[in-house]
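Comments concern the structure below.
The values are calculated or read from the model by the stated rules, or taken from the named source; none is laboratory data. No experiment lies behind these values; they were computed from the predicted model shown. With ideal geometry, Cβ positions are generated from the backbone for all residues, glycine too; neighbour counts draw on all protein chains shown. With ligands, DNA and RNA removed, areas are computed over all heavy atoms of the protein, side chains included. Shrake-Rupley method; radii C 1.70, N 1.55, O 1.52, S 1.80 Å.
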Amino acid sequence: KVRTGSLAALFFVFAAIAIVIGFFRGLFSLIGLAFTLFVLFWFLFPQILAGRDPILMTVLASIVILLVNIHLSHGFRIRTFFSFLGTVAGLFVVVLLSYIFTHTSSLSGVGTEESMLLLWEVKTITDPVSLFIAAVILGTVGVLDDVAVTQSEVVGEMLDVDPTLSRKDVFFRAMRVGRHHIASTVNTLVLVYAGAALPMFLLFFSSSTDAGTFLNNQAVAEEFVRTMVGTISLMLTVPFATAFATIPRRDR
């Protein structure tokens, strides 16, 4: 069956709502989305398929995507640049944690049929573990952007209202907002990952005798590491982004 017509209609509805509700911000976010797709399809995917290091290529692509999208969506201001710095700090936390826990959990990177098929069909891909880590990084980047921008905007608004506030006062006041953001976003992130892997979870859960057996399955363990690494990185990005944003400045 031909699905392109229905997919095009869905994207039109998506774009229209983004512009109607977001106005120019919505329009700029669509331009940013187009840039993201450009980086993915014309840089990241070809580089990985050509045999380049998936982790390095994903980090480079993520930094470029963040640099352009954050400024395009939220304005070319010093405040926005500090949001970018906070997100990059969170990005390197993702890289570090995903590398550590992928290896300590003895994950092979071939927990799904797609991963095994890719390894079989594409001869240039020889390290499925690096590919798994790259997937974790890429899947977490967008959420880091969200929390970093929010914290930077909160700090910026505080400084606009009262520029005499000390850096310490602003940091702790902004972190109160950040804790609420963490509480809601962490739950959202877990549900997103669980929803994406729901058929697989149900398949292995139905044949598992206990929680230990369920979690010890390769595919389930990969999703567990992906979720936990993303969530930890998200929580750590909040204080990082807040600290960057509280560097004394005048945003005029």
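Separation of region 165-222 and region 72-104, taken as the distance between their Cα centroids, equals 18 angstrom. As a rough guide to protection, the peptides 6-13, 73-80 ranked by mean Cβ packing within 10 Å, highest first, stand as 73-80, 6-13. With bins 10 Å wide beginning at 0, the percent of Cα pairs of the chain falling in each bin runs 7, 25, 33, 24, 10, 2, 0. Binning all Cα-Cα separations of region 153-192 at 5 Å, short to long from zero, yields these whole-percent fractions: 6, 23, 25, 15, 12, 10, 6, 3, 0. With the charge dipole of the chain set up from +1 on Lys and Arg Cβ and -1 on Asp and Glu Cβ about the Cα centre, the Cα lying farthest toward the positive end among the listed residues 102, 220, 12 is that of 12. Calculated [222 nm] ellipticity per residue, helices only, for the chain: -28000 deg cm²/dmol; basis is -39500 (n - 2.57) per DSSP H run with n ≥ 4, divided by all residues, nearest 500. Working from Cα pairs under 8 Å separated by at least six residues, relative contact order for region 52-196 is 29 percent. Rolling a 1.4 Å probe across the protein heavy atoms gives region 1-123 an accessible surface of 62 Å² per residue. Per-atom-type breakdown for region 154-252 gives carbon and sulfur 67% of the accessible area (1.4 Å probe, protein chains only).
Note that region 127-142 has calculated 3J(HN,Hα) couplings of 10, x, 5, 4, 5, 5, 4, 4, 5, 4, 4, 5, x, 9, 4, x Hz, one per residue in order, obtained from phi through the Karplus relation 6.51 cos²θ - 1.76 cosθ + 1.60 (θ = phi - 60°); glycine and proline are x.
Quick check on region 1-117: take the gyration tensor over C-alpha atoms, sort the square-rooted eigenvalues as a ≥ b ≥ c, and tell me if it's rounded (a/c under 1.5), prolate or oblate. Here region 1-117 falls in the oblate category.
The calculated pair-distance distribution of region 131-246 uses every alpha carbon pair, bins of 10 angstrom beginning at 0, and gives 13, 36, 25, 16, 8, 2, 0 percent. Each Lys and Arg Cβ is given +1 and each Asp and Glu Cβ -1; about its Cα centre, the chain then shows a dipole of about 720 debye.
Sorting the segments 143-149, 129-135 by their residues' average number of neighbouring beta-carbon atoms within 10 angstrom, most packed first, yields 143-149, 129-135.
With respect to the chain, whose longest principal axis is taken over its alpha-carbon atoms, helix 78-104 is tilted by about 30°.
Report, to the nearest 10°, how far helix 4-39 tilts away from the longest principal axis of the Cα atoms in the chain, using its own Cα long axis and a range of 0 to 90°. Orientation of helix 4-39: about 30 degrees from the principal axis. On a 0 to 90° scale, report how tilted helix 54-74 is relative to the longest principal axis of the chain, with both axes built from alpha carbons and the result rounded to the nearest 10. Roughly 30 degrees, rounded to the nearest 10. Highest mean packing first, where packing is the average number of other Cβ atoms within 10 Å per residue, the peptides 169-179, 15-25 line up as 169-179, 15-25.
Taking Lys and Arg as +1 and Asp and Glu as -1, the other residues whose beta-carbon sits under 11 Å from that of residue 32 total 0.
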